[in-house]
1. At R0 = 35 Å, how high is the FRET efficiency between residue 237 and residue 216 if r is their beta carbon distance? Nearest 0.05 is fine.
2. Starting from the Cα of residue 591, step 7 Å toward the Cβ, then list every residue of segment 482-498 with an amide N under 12 Å from that point.
3. Does anyone have the angle between helix 523-532 and the longest principal axis of the chain? Alpha-carbon axes, 0 to 90°, nearest 10?
4. In nm, what is the difference between 0.36 nm times the number of residues separating residue 621 and residue 230 and their Cα-Cα distance?
5. Quick one: what are the phi-derived ³J(HN,Hα) couplings along segment 713-718, Karplus 6.51/-1.76/1.60 with θ = phi - 60°, whole Hz, x for glycine and proline?
6. So what J values fall out for segment 16-33 if you push phi through Karplus, 6.51 cos²θ - 1.76 cosθ + 1.60 with θ = phi - 60°, rounded to Hz, Gly and Pro as x?
7. Say R0 is 56 Å: what FRET efficiency, to the nearest 0.05, do residue 531 and residue 293 get from their beta-carbon distance?
8. For residue 133 and residue 253, compute 0.36 nm times the residue count separating them, minus their Cα-Cα distance, and round to one decimal in nm.
Amino acid sequence: MTDGTTPHPPRHDTFRRLLELAFGAMAGTDPVVVTTNDQMAIRLRHEWRSYLAESAGGLPDIATSMLRTAPVLLIPPWERISGPPAAAAEETPLRSIHEIVVAGIRPEGAEALLAALLPASALTSPGCRRFREIVDHSWQPCLVIFAAGIFAGVHELFDTAAVFWRPRSSAGQPLKLFRFPRHEDEKAVESDFRRLLGRAGGAGKFGYVLPGPPEAGESLSIELHDPVTTARWSELNVWGTTVPLKDLFAFPAPALHRTADRHLLHDQRQDGSVRVVAGRDLRYDGTLAGPDDSSRWAKVPPDRQLQAGDLLVRRMFSPHARGNLVVAEVAANDLPLAADDSLVTLRANGQLGGPQRLVAVLFLRSPLVRAWAVGLSVAALAPSVLRDLPIPQPDAALAVTIEGLESARSQLESWRDESEALLASVFEDESAVTARRRILESGRQLRMRVDAAALLDDFSHRVRTRYPHPIAYRWSEVQVHLSRGAHEAAYEAILETAEVLLCYTALAVLSLSRDAGLRLGAVDGIRKRLSRGGSNGPGFGDWAAILKEAAESKAFRRTPDGDPLNDFSRIFSAPEAASARQRLAGRRNAKSHLRRVDAIDLPSAIEEAHADLTTLLEHVSFLADLPLVHVTGVRWDTLRRTAQVDYQELMGDNALVPGQQRPYANSDLEIGSLYLANEDGQLHLLRPFLLRRRCPVCRSWETFHVDNTPDASTVTVKSLERGHTDTDPALRQVLEHVGFVE
């Protein structure tokens, strides 16, 4: 995997230290490292005694011999077998060199301790079940350390496992599972691991103890056996019953294979062709995106096309994805459609009722199913993986409640029918006085219903009520100026709103990309200017450059499904959004250089700029599903391992919002900081890119970002809502830490 010259990642030494602690606690002595010079074997930097085998074939006998006198750390080559398998069970062969090596090692003595560095999939994947069954016949696992980003030459997201085995005994022994997390203080990780080694039961922050190992061959996934997760699985019967997914839905084969059938796909719609949808076409709100410039088309027989009511699940799933499974429903007005092999199609059987179907869909989108999918460690959610997934089905009482919720959807239609009936009866009363009174009273209530419902379809209302506060506030200001006929103020407000929109989304991208370990070259220019000092801080062009790079970067396109970065990186992927941004940028530059719009041309300029701003706002509609959250308090419950979080959801144009409470799985939240709330409830820290503080000018709570650095010790921040500024000397060091200032 590496020639030994590539430097190890910074986390490598901490991982080796965890191994040292484990051998010290379990054997009281250092191990003998048994490995080869094979280029497919990872390299561990250590000072332990080593034995280098000439080939992988000699590793089992050498390790067995060494176990008689010392604990062994085995580092086998990670390589799949080519040609006929060298070792096989009757049903399923062992498929990798490391599987064959481990399976060939024999216990020597009741106290023997064998450890191995393996791909985590060997311990968790369904495809490696036979390997685990063979090993479990002679050994039983007692400790597993999962980690990623440890070894040179191995992708930073590739999951590695250090597994420790003792000879199998009838008494059994506890199994300790530990995750070396990313983006955590490594001293805290080591401290928590020490405590785990001394535990006889219970859980720490990054690991826990099982009373005994799972059944032979079962996955050792730390996510799958998490006590919190297993407790929730055991509670599913509270809903009513659980049945396998295959009993509720059929699995029609995909209409087209992206590779094998690529000759059938074309970029333009033709006579008799239908749109072929892929994973990217599934929205987080459960609907399908409409056709765009990247849509593919093909002639597909009717019996292989999708039907109204079909459910589509994104097949690709990464354990590092932050969101839940993406499940969308095919509506009648989406048809005709066909699915490619990036999707799994679920078609409800004829006996599945409405409430039962709805609960199944909601469950597939739940964090619990996400944890199950992560625990499988599979590269794709194939039908074979999903068939036996237990699905809760509602009991009678819950079904009645769900039916009531479903009936509410049709209420607006009944109001329409009521309105038509009322109009038709205007002159049916014998008394005109009675008819007039009845029409006024009944019509008033109906008008109020319609007015309330109409707001749901009003885009401007959605922006004012469901977009993050800085954007919603600026948009409301635009509407006020337009309604008053204040043309110059309206034009300026439109351009400022566009800049605030780009600023907010770009800074969110910076925060999320830092969490994901992704670098943006567009930040270099901002960092140099801020480091030089002066009043020339980031502006419209910088924010646009960040978003443009995110849209074009291959690294961002490889971001796992469900990550909010996917949505942010696609803001300018549509040509109409990119064009709207460029036109607004041109107007903003012209205004900055005193090239004002003539009074005669101002009304048309306002109309065009407002249309472009609306286009951008429409392309960031996903922001309504990513609330801006201000954490105001955190109370950690050590016994329940949950936190009670006090927060304000800063959505809509009103800054005065009520406080709310919610549970949270971690205690590492900062009181007073802003967070971006993902759809799965995870909170992503926005500090120091976006800050919540009281404005010194207007005394109201506002959202600030870095504006400039007048000198080497001062940082000026500017409000997104009103443009007021403040200074914060303490912010300089934090900005240096995140690479925003040198």
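Readers should treat all values here as calculations from the given coordinates under stated rules, not as data from a laboratory. What you see is a predicted model, and the numbers here were worked out from it, not measured in a lab. Cβ placement follows ideal geometry from the backbone for every residue including glycine, while neighbour counts extend to all protein chains displayed.
1. Working: r = 26 Å, r/R0 = 0.75.
Efficiency, rounded to the nearest 0.05: 0.85.
2. Those under the cut-off are 487-498.
3. 80 degrees
4. Numbers: separation 391, 0.36 × 391 = 140.76 nm, distance 3.54 nm.
In short, 137.2 nm is gained.
5. Per residue, the Karplus-derived 3J(HN,Hα) values read 10, 10, 10, 9, 10, 10 Hz.
6. 4, 5, 5, 4, 4, 4, 5, 5, x, 6, 9, 10, x, 7, 6, x, 9, 8
7. Working: r = 40 Å, r/R0 = 0.71.
For residue 531 and residue 293, the calculated efficiency is 0.90.
8. Details: separation 120, 0.36 × 120 = 43.20 nm, distance 3.16 nm.
So the chain would gain 40.0 nm between residue 133 and residue 253.
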